[in-house]
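The values are calculated or read from the model by the stated rules, or taken from the named source; none is laboratory data. Here the structure is a predicted model, which is why all the values come from computation and not from measurement. Glycine also receives a Cβ, built like all others from the backbone with ideal geometry; neighbour counts cover every protein chain displayed. Accessible surface areas use protein heavy atoms only, side chains included; no ligands, DNA or RNA. Shrake-Rupley method; radii C 1.70, N 1.55, O 1.52, S 1.80 Å.
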Amino acid sequence: MSYISAKDLSIGYDGKPVLGEIHFQVEKGNYLCVVGENGSGKTTLMKTILGLIPPINGRILYGDGLKKNQIGYLPQQTELQKDFPASVEEVVLSGFQGKMGLRPFYKKEEKKQADLNMERMHIGGLKHKSYRELSGGQKQRVLLARALCAANDMLVLDEPVTGLDPKVTLEMYDLIADLNHLGITIIMISHDLDAAMKYSSHILHIDKKLFFGPTRDYQSSKQGNDFLQTLKEEEDD
Amino acid sequence: MIETLQEYLQYDFVRYALVVGVLIALCSSLLGVTLVLKRYSFIGDGLAHVAFGAMAIASVLQMTSFTYLMLPVTVLAAVLLLRTGNHAKIKGDAAVAMISVASLAFGYMLMNILPTSPNVSGDVCVTLFGSTSILTLKKEDMILCILLSVLVLLFFIFFYHKIFDVTFDEDFAKASGTKVNTYNTLIAIIIAVIIVVSMNLVGSLLISALIIFPALSAMRLFKSFKGVTICSAVISVLGAVFGILASILMGTPVGSTIVSVDVVLFFLCRIIGRIGGKG
Ligand SMILES: Nc1ncnc2c1ncn2[C@@H]1O[C@H](COP(=O)(O)OP(=O)(O)OP(=O)(O)O)[C@@H](O)[C@H]1O
Ligand SMILES: [Mg+2]
């Protein structure tokens, strides 16, 4: 059985479908990239996978020992809680909450792990800074560090490199690849097709016609070729 | 002035009143941040009015302690309101407004139809704005207040990090396996308890102020959740102590005096925040 599998799934809000006839599987250790145009329903799909919104039709099956409280999620950047008083450390540590059950306080190891994840994201120096006073890219790194704290089985990333500078973007991709090699399953939404081709094992292309399959098949498929082509042309303009 | 105070503080019931006031203030400030940031402020207001309705019924029934009826009714209302708030986004607001106005009207009508004392408008005033003096609190209510306050405090300490988690980013909390709905319900119940407890001190119209002002003040000064939480507790307790003492000395109604002190503290914090932080 797969980690996640969906067949004839249709997703949307308040009973109104955004996208239908979705099918895909995620196996343990996969690196799935979800691509598609703005507004095609990628974020909606992510939220459905995570159980934040119910599917309109069909079902998502979870298996192979995937535990709900071992999933790290990086939401797409929104104006999340503008005035919220929170230090960077408090935000990152909250990544552990899902696993803690009823335990009220953080353990020493968890604090260490949080420090390590902040170092990985180069925000160790911001530990005691106020979250709401950070730049967009810094906030993104904080949320990534939080997602890392939560992710033992799977990491779900909605446009993780948005707002990051080129250097950190590269490091970010390397880090995600490393985690994937360590056995953590990755689901990533991305508009960066080059990176998607380079790192992912599978592609889910959301469009009028859906493509799901291994990355090398995507490259040779007509849909993949066309999409890569249009992106190239847009770049050339 | 100090002598007058010393004289008053010799009496046991004055000291008890102070203790109760401080405990209530402490509890009411703790969930202020959550209430403000989760946009639950309007629920707080609505619940206070529900508590008013329940209090009217309790007084007509001539119950010895109104709290016994107020508490279950308000808790139930909190749970129900949160349900509708979650499922039907916009309708939640309307539901709260409806229930809160309906309880007010119903409560006032009831107290007029079946008056239990010759001075109905006086009774209504007390339920809306709190006892004229904290010294008139019944002993039974005080003990219940203390018990409930301790309960709220323990809850808050035990679930402090969870409250942060579900307030800061509900989607993330849900996605990573935190039982968000359970905690939201718990928070709603605790808010209801806080409102019932505060009702004795400040009355149903001023409860929101007691809950929200200390949090807003603290948010001017501190930037971490912990800092804001501790600071708003301190501010709230200060406001209660000054307010109670001032109301004893000046003979003003205790609830509105405390809230006035809170308002003054809020503007002080704003000024300090301007000078100190943002420059
Ligand atoms: N909360 C919502 N309620 C109703 N409709 C929504 C909601 N959020 C998004 N939509 C609609 O669903 C569609 C898909 O949105 P979604 O956010 O999934 O797109 P996306 O593929 O993630 O786009 P982007 O690349 O810009 O992030 C859009 O047409 C959008 O208008
Ligand atoms: Mg999106």
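Here are some notes:
- The set of residues in the stretch B:67-86 being closer than 13 Å to B:GLY46 by Cβ and at pLDDT below 85 consists of B:LEU80, B:LEU81, B:LEU82, B:THR84, B:GLY85.
- Qualifying residue in the stretch A:129-137 (condition: closer than 21 Å to B:GLU170 by Cβ, more than 10 Å from every other protein chain (Cβ to nearest Cβ) and either open to solvent by less than 30 Å² (accessible area, probe 1.4 Å) or touching a residue at least 40 places away in the same chain (Cβ under 8 Å) (or both)): yes
- A residue that is modelled with pLDDT under 90, more than 15 Å from the chain's Cα centre (by Cα) and within 16 Å of ligand 2 (Cβ to nearest atom) can be found somewhere in the stretch A:199-215.
- Screening the candidates B:LEU216, B:LEU186 for the property of being modelled with pLDDT of 90 or more, within 14 Å of chain A (Cβ to nearest Cβ) and within 23 Å of B:THR74 (Cα to Cα) yields one hit, B:LEU186.
- For the stretch B:178-236, the candidate set comprises residues that are aromatic (Phe, Trp, Tyr) and more than 17 Å from the chain's Cα centre (by Cα); within that set, the residue that is farthest from A:ALA151 (Cα to Cα) is B:PHE222.
- Taking the listed residues B:VAL254, B:VAL263, B:VAL180, the one that is crowded, with 24+ Cβ neighbours inside 10 Å and out of contact with any Phe, Trp or Tyr (no Cβ under 6 Å at 6 or more places or on another chain) is B:VAL254, with no other qualifying.
- Residues that are part of a strand (DSSP E or B) and within 23 Å of A:PHE24 (Cβ to Cβ) do not occur anywhere in the stretch A:164-181.
- Qualifying residue in the stretch B:32-41 (condition: basic (Lys, Arg) and not in a loop (DSSP other than H, G, I, E, B)): no
- Cross-chain or 6+ apart pairs with Cβ under 8 Å, the stretch B:1-19 first and under 19 Å from B:THR136 (Cβ atoms), then of a type in the set (Lys, Arg) and surrounded by 10 or more Cβ atoms within 10 Å (Cβ to Cβ): B:LEU9/B:ARG15
- Candidates are the residues of the stretch A:160-182 that are open to solvent by less than 30 Å² (accessible area, probe 1.4 Å) and not hydrophobic (A, V, I, L, M, F, W, C); the one that is farthest from A:GLN77 (Cα to Cα) is A:ASN180.
- Where a residue in the stretch A:58-77 is assigned by TED's automatic domain parsing to the domain that holds A:GLN140 and its partner, wherever it lies, is open to solvent by 70 Å² or more (accessible area, probe 1.4 Å) and in a strand (DSSP E or B), with Cβ under 7 Å and at least six apart: none
- Candidate set from the stretch A:47-59 (those that are closer than 16 Å to A:HIS23 by Cβ and not β-branched (Val, Ile, Thr)); member that is farthest from ligand 2 (Cβ to nearest atom): A:ARG59
- Residue list for the stretch A:191-217, restricted to those being touching a residue at least 12 places away in the same chain (Cβ under 8 Å), open to solvent by 10 Å² or more (accessible area, probe 1.4 Å) and outside any helix (DSSP H, G or I): A:HIS191, A:ASP192, A:SER200, A:SER201, A:HIS202, A:ASP207, A:LYS209, A:LEU210, A:PHE211, A:PHE212, A:PRO214
- Matching entry among B:PHE159, B:PHE164 (being facing chain A (nearest Cβ under 10 Å), open to solvent by 10 Å² or more (accessible area, probe 1.4 Å), assigned to a helix (DSSP H, G or I) and touching a residue at least 24 places away in the same chain (Cβ under 8 Å)): B:PHE159
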